[in-house]
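Have a look at the structure below, then the notes.
Coordinate-derived values only; no laboratory data. Worth saying up front: this structure is predicted, and the values here are computed from it rather than measured. Here the Cβ positions follow ideal geometry from the backbone for every residue, glycine too, while neighbour counts run over all protein chains shown.
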DNA sequence: CCAACAATCGAAAGCGCTTTCGATACGGGA
DNA sequence: TCCCGTATCGAAAGCGCTTTCGATTGTTGG
């Protein structure tokens, strides 16, 4: 491995000057700079990030925490989408992403410990879980953090406008003539789930719609299975809804399956609208109408919020909410005016 | 930040002894060990990975290269699946994953340079591109590498049994009565694409099937659009095939779309079989019959192959091929004996 | 009681780099 | 000619850790 000492020896300058030349210091003559840079080129010198980090306390590394309730890790379509956008936005500045293992010296450690050990400059958290103790501890630490799709007063936050998303969904169904809407909620421990539920409740109320308690049913952790089971419960009700708004696309897809299995069809018998617009949404049958989260913007805003903290050397807890968008496909249908009494 | 010096001062032992206690050296008395470990606990000491790496030359870090032709990065369903499995297998040993940016000091660098700079212990490469110069350079370097779904004599390799996959696909279609099979190939610069094409060619030949040149059509880079365009070409042929084997699920999905757009239907008019078994495959309409790659095993074998090199401190170029499996869904149908003259 | 050995400990060097601060040389103005 | 500002350079300390190797102490067998 060639070090700055080798460069120094070869060029006749001191390591100090070599280092300065490498880091664009002003007190290096044109001549010295050129000589040194030439030698660097010729000898194939590369800096050593660990040595550099040791003295500068800056690792050019960003930790990422990926907690999702489905247990599929990076395969999670929504989260991986956001992280990909985040990555693109930080990589041009020289930051690398570190997926941490929480093992140091053969011992299990917490996220905070792991990231301190690794000396990351900041951490981006994508997590659907509301109350993870380790994540909380991390957000309360001195390490800059930004969290996506969660709420926290201890950390910068970037999230979609879940509330408005629910409004858009309900409005759309309403405009199609639906008056009996059910909601398959994400898990209660999930922040996005809560917001979407609240949005559903207030928007239906403001439209003067009556939503019986049985119409709110919990889909387990945004999973397909959760959606399936939830829909089964709805289908067992004496008075069926005509539309259901699912808090996530996977839930919606599960629900559609349950509907088919029960001998009904979408959108003829039930209109279904989801949330997220994951990749599959356009390929299911029928293509799913949904509320799209803008993962590109989500990732970009998260990057900016984190970099801002890193550069200013102080934590902020700003909160950015990113607009969502209704994507109309084929899973919702106007209700023909049969049973609804004309006003 | 609390260092071993603080621990040393507090306990009265030297930093040497503290370090030894932390690293389970034998020449530390029970008493010293306990005193030190207690102090570590009390003061909340954590080692500094950069300092440690600087002296030991071991970073407990594995670089990952993620090149895929679709430009979707971590969202790539197949690759992210493999990496997720890989991650699980190395994280319990204490390795963290580093997604590199290729920017050092504001200058664009190659993968090799980036990973040398970061001092990674090894690199896992998921890449569909055959002849990327930077990847080649990396594989030829002294850094241990394992590559997934590619061939190389310079690196350890883990890949699916593409050849056998083609056999399974062709056999299955044959068993359904199909005799006129077309193939939508992955891009030619892609290794998996080549293998699958070869498999298709030899298996059809060994079954005595005639495959006109026009039946082999290139799908661009395994993309959905590529599959769509490829299928359109097939549909323009005077003599149509009855079945098409696509080298990837995305290709297959694109092809199915083209078929529908042309007014035909699957599997009534064309049987379609894909490769990969990505998540969407089961949700398209009709659910796609495909050759499943075992991403769990792929990731696991890759992890083992890389760790073996890291531990033995020498590169190997073993090659492991992982069996594939036929997953029968609804996109293929037995051919009714109308036009094929009975023997 | 002494030599030999085991157990335990620590001084010091070194990993590759950055940064402070003082040293030197040079030119120009008074 | 002298003083001072400016440009250029380098010595040295320090970042936090590991590891070699020698020193010291205690133990044991003859």
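Note down the nm distance, to one decimal, between modelled labels 7 Å out along Cα→Cβ at residue B:16 and at residue A:189.
Going from the residue B:16 label point to the residue A:189 one covers 5.0 nm.
Restricting to DSSP H runs of at least four residues, report the calculated mean residue ellipticity at 222 nm for chain B, -39500 (n - 2.57) per run over all residues, nearest 500 deg cm²/dmol.
Numbers: 12 runs with 142 residues, N = 343.
Value at 222 nm, helices only: -13000 deg cm²/dmol.
If you line up the Cα atoms of the protein assembly as shown on their principal axes, what length do they span on each, largest first, in Å?
Taking the Cα atoms of the protein assembly as shown, the three principal extents are 84, 69, 57 Å.
Taking R0 as 56 Å, what's the FRET efficiency between residue B:171 and residue A:41 from their Cβ-Cβ distance, rounded to 0.05? Provide the component values of the computation, followed by the final result.
Working: r = 57 Å, r/R0 = 1.01.
For R0 = 56 Å, the calculated efficiency reads 0.50.
Pop a pseudo-label 7 angstrom from the Cα along the beta-carbon direction at both residue B:88 and residue B:240 and give the gap in nm to one decimal.
4.3
How would you rank B:152, B:265, B:128, going from fewest to most other Cβ atoms within 10 Å of each one's own Cβ?
Numbers: B:152 19, B:265 12, B:128 25.
Ascending number of Cβ neighbours within 10 Å: B:265, B:152, B:128.
How far is residue A:56 from itself in the other copies, in nm, if each label sits 7 Å out from Cα along the Cα-Cβ line, shortest first?
Ordered by distance, the counterparts are at 2.4 nm.
With labels modelled as points extended 7 Å from the Cα through the Cβ direction, what inter-label distance (nm, one decimal) is found for residue B:108 paired with residue A:232?
Modelled inter-label distance: 5.5 nm.
Counting only other chains, and only Cβ atoms inside 10 Å, what mean value do you get across the residues of B:104-110?
Working: counts 6, 7, 4, 1, 1, 2, 0.
Mean partner shielding for this stretch: 3.
Looking only at A:193, A:71, A:299, which one moves most when chain A is put into a Gaussian network model with springs between Cα atoms under 10 Å?
Checking each option, the largest mean-square fluctuation is seen for A:71.
Relative contact order (percent) for chain A, with alpha-carbon contacts under 8 angstrom and 6 or more residues of separation? All intermediate terms of the calculation are to be shown ahead of the outcome.
Details: 650 pairs, mean separation 57.9, N = 343.
Relative contact order of chain A: 17 percent.
Which FRET efficiency, nearest 0.05, do residue A:326 and residue A:269 yield, Cβ-Cβ r, R0 25 Å?
Working: r = 22 Å, r/R0 = 0.88.
Calculated transfer efficiency: 0.70.
Angle between the Cα long axis of helix B:30-43 and the longest principal axis of chain B, 0 to 90 degrees, nearest 10?
So the inclination is approximately 70 degrees.
Using only the Cα atoms of the stretch A:162-293, construct the convex hull and provide its projected area averaged over every direction, in square nanometres to one decimal.
On the way: hull surface 27.1 nm².
Reported value for the Cα convex hull: 6.8 nm².
Round to the nearest 10 and give me the degree value, 0 to 90, for the angle of helix B:77-91's Cα axis relative to the longest principal axis of chain B.
30
Sorted from shortest, what are the nm distances separating the label point of residue B:44 from equivalent points in the other copies, each placed 7 Å from Cα along Cα to C-beta?
Result, one decimal in nm: 4.5.
Which whole number gives the average, over all residues in B:90-99, of C-beta atoms from other chains lying within 10 Å of the residue C-beta? Let's see the in-between values first.
On the way: counts 2, 5, 5, 3, 9, 3, 11, 7, 6, 11.
That works out to 6 on average.
Averaged over its residues, how many other protein chain Cβ atoms are within 10 Å of peptide A:73-81's Cβ atoms? Display every interim value, and only then the final one.
Values: counts 7, 12, 13, 2, 5, 1, 1, 8, 4.
Mean partner-chain Cβ count within 10 Å for A:73-81: 6.
In nm, one decimal, shortest first: how far is the label point of residue A:14 (7 Å from Cα along Cα to beta carbon) from the matching points in the other copies?
Ordered by distance, the counterparts are at 3.1 nm.
Kindly work out what percent of the DSSP beta bridges joining two residues of the stretch A:61-179 are antiparallel, to the nearest 5.
Working: 2 of 19 bridges.
Looking only at bridges with both residues in the stretch A:61-179, the antiparallel portion is about 10 percent.
Looking at chain B, send over the antiparallel percent of its DSSP beta bridges, to the nearest 5. Write down the numbers at each step before the final one.
Details: 6 of 41 bridges.
Percentage antiparallel, nearest 5: 15.
Find the centroid of the Cα atoms in the stretch B:242-299 and in the stretch B:13-91, then give the distance between the two in whole Å.
Here the answer is 42 Å between Cα centres.
Be a star and scan the stretch B:254-290 for residues whose amide nitrogen sits under 15 Å from the point 7 Å along the Cα-to-Cβ vector of residue B:297.
Only B:276-277 fall inside the zone, counting backbone N under 15 Å.
Angle check, please: helix B:249-261 long axis (alpha carbons) against the longest principal axis of chain B (alpha carbons), in degrees 0 to 90, nearest 10.
Value to nearest ten degrees: 30.
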